[in-house]
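The values are calculated or read from the model by the stated rules, or taken from the named source; none is laboratory data. These figures come from a predicted structure and were not determined experimentally. With ideal geometry, Cβ positions are generated from the backbone for all residues, glycine too; neighbour counts draw on all protein chains shown. Remember, those area values only see protein heavy atoms, side chains included, never the ligands or the DNA or RNA. Shrake-Rupley method; radii C 1.70, N 1.55, O 1.52, S 1.80 Å.
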Amino acid sequence: MNSDKKIFYGWWIVVGSFLLNFAGIGIIMNSMGVFIKPVSESLGFTRGGFTLYFTIAALSMMVMAPVMGKLLERYDIRFIMTVCTTMMAASFALFSQCRTLTQFYILAFFLGIGSAGSHIIPVSMMITNWFIDKRGLAMGIVFAATGVGGLIFNPLANWIIMHYSWQAAYWTFGLIIGVLSIPTAIFIVCAKPADKGLLPYGGEEALTRQTLAEQGGLTATQALRNRAFWLLAVIILLIAIANMGVLHHIIPYLTDLGFSSTTAATLMSLHMTMLIFGKILAGGLADRLGLLKSYLVCMAGLMVSIALLYGAQLMWVAIVFNIMFGFSIAVRTVLPPLMTARVLGQKHFGVIYGFLNIFTTLGTAVGVPLSGFIYDWTKSYHLAFALYIFLCLIAAAAGIAVLAQTKKMYTGAA
């Protein structure tokens, strides 16, 4: 903290990171489901074929993730992020001009590149660097922005589509992404407190409490040879498949059950509301109860919530699902960077988390179209939901394995 009692600049990093996630993830990832039926029906696409554009964006982001991690650590973070946020906003806006799947797929490639350097990786890196005390809370706040974005943009997209067109919704959202993210990249972001002559939040006292492994940690090469890295990779991959496979098909599933598009979008907004509180609560629980307990609470909630979808034709079950699912999927965004810093250290966090983000985007690339193709094949989402519950069980076991042996792994790394 500054001695003159000014607001610690790390909290401005939280504000900027909130805006980046609000626009980049809140729109691009959390509002995609609203577009599936209107675009597919308007242009004559299958759901699996259309949602494949999200797979291409995710694969593009996956390939670029470790590259972006290195670029963000070595070069001016503001320049890198300005280029990336501009590419992200322009690509999304240009979806409004697409008439063929090929056009969607080409733009998705550039959307993935821009996204890789705009939100998850740089935001996680900045919060990890700027905070020791209250790191979980700060991480929870910035990723709660994705829920705020989904809460606002899902009904807004539905309204624009109903009163104007899906093209108008893409163009409007692309403009919003640009207005919120590009100025943030130019004027607010800062890679680490040392760049401003500051210490991380908590100061010298917090630094002394950190283990040597956390303060230093593994190089990227060492991490790739470490069992803990691959356990984290499995966790991130499986949770991403389950999360994204459910998330972007909630609205189509509910409308298939007989709910109106307006009711489905409203229920989705309830889910996003709980996502906001769930992420802040998950970060706070990680600070207070530890990562293992908070992780298992979230995983249990995720599995139970997916199981509730089998009875979601009942309004009260649909409501309970959206509440539980919204809380539980904090496990996908808030806890993985905290677990990475704890287990593998901060020495090359940006590069290591860039590699781990490959599995986030791979899971996203698989989960979204997988549900679509299972639906096209079986005319039902039920098989997909059963698969995702099973994947969550495996991820929970892997989480126990990696977090319960943290001290042992630190000793081995030393």
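For the chain, calculate the relative contact order in percent as a whole number, restricting contacts to Cα pairs under 8 Å that are 6 or more residues apart. Relative CO of the chain lands at 27 percent. With Cα atoms as the point set, the radius of gyration and Dmax of the chain evaluate to 20.2, 64 Å. Solvent exposure of the chain amounts to 37 Å² per residue of accessible area, where only protein heavy atoms count and the probe is 1.4 Å. Using helices alone, I'd like the mean residue ellipticity at 222 nm for the chain: each DSSP H run of four-plus residues gives -39500 (n - 2.57), total over residue count, nearest 500. Taken over the chain, the calculation gives -26500 deg cm²/dmol. For ILE306, the accessible area of its heavy atoms, probed at 1.4 Å with every protein chain present, is near 0 square angstrom. What is region 117-157 by shape, rounded, prolate or oblate, if you read a ≥ b ≥ c off the alpha carbon gyration tensor as root eigenvalues and call it rounded for a/c under 1.5, prolate for a/b larger than b/c, and oblate otherwise? Oblate.
At full extension, THR46 and ALA397 could sit 122.8 nm farther apart than now, given 0.36 nm per residue minus the alpha carbon distance. Maximal additional length on extending the ALA386-ALA194 stretch stands at 64.3 nm, based on 0.36 nm per residue less the C-alpha distance.
Extension gain, LYS70-ARG288: 0.36 nm per intervening residue step, less the Cα-Cα distance, totals 75.3 nm. Spin-label model, ASP376 to PHE277: label points 7 Å out along the Cα-to-beta-carbon direction sit 3.9 nm apart.
Considering only C-alpha atoms, what is the centroid distance from region 1-52 to region 60-97, in Å? Computed from Cα coordinates, the inter-centre distance equals 14 Å.
Taken over region 320-374, the convex hull of the Cα atoms encloses 82 Å³ per residue.
Placing a pseudo-label 7 Å from each Cα along the Cα-to-Cβ vector at VAL317 and ALA168 gives an inter-label distance of 3.7 nm. When the listed pairs LYS134/LYS196; LYS6/LYS293; LYS293/LYS379; LYS134/LYS347 are checked against a 27 Å cut-off, the alpha-carbon distance exceeds it for LYS6/LYS293; LYS293/LYS379.
Close amide-amide hydrogen proximity is noted between PHE131 and TYR201, each under 5 Å apart and 5 or more residues distant or on a separate chain (H modeled in the peptide plane; Pro and chain starts excluded). Computed in the context of the full set of protein chains, the accessible area of the chain at 1.4 Å probe radius has 69% of its extent on carbon or sulfur. Sequentially through region 306-322, phi angles give Karplus couplings (6.51, -1.76, 1.60; θ = phi - 60°) of 5, 4, 5, 4, 5, x, 6, 5, 8, 4, 5, 5, 4, 5, 4, 4, 5 Hz, Gly and Pro residues having no value and appearing as x.
Cα-Cα pairs above 20 Å in region 235-357: how many percent? In whole percent, the share of Cα-Cα pairs in region 235-357 beyond 20 Å is 45. Rolling a 1.4 Å probe over the protein chains gives LYS6 an accessible area of about 130 Å².
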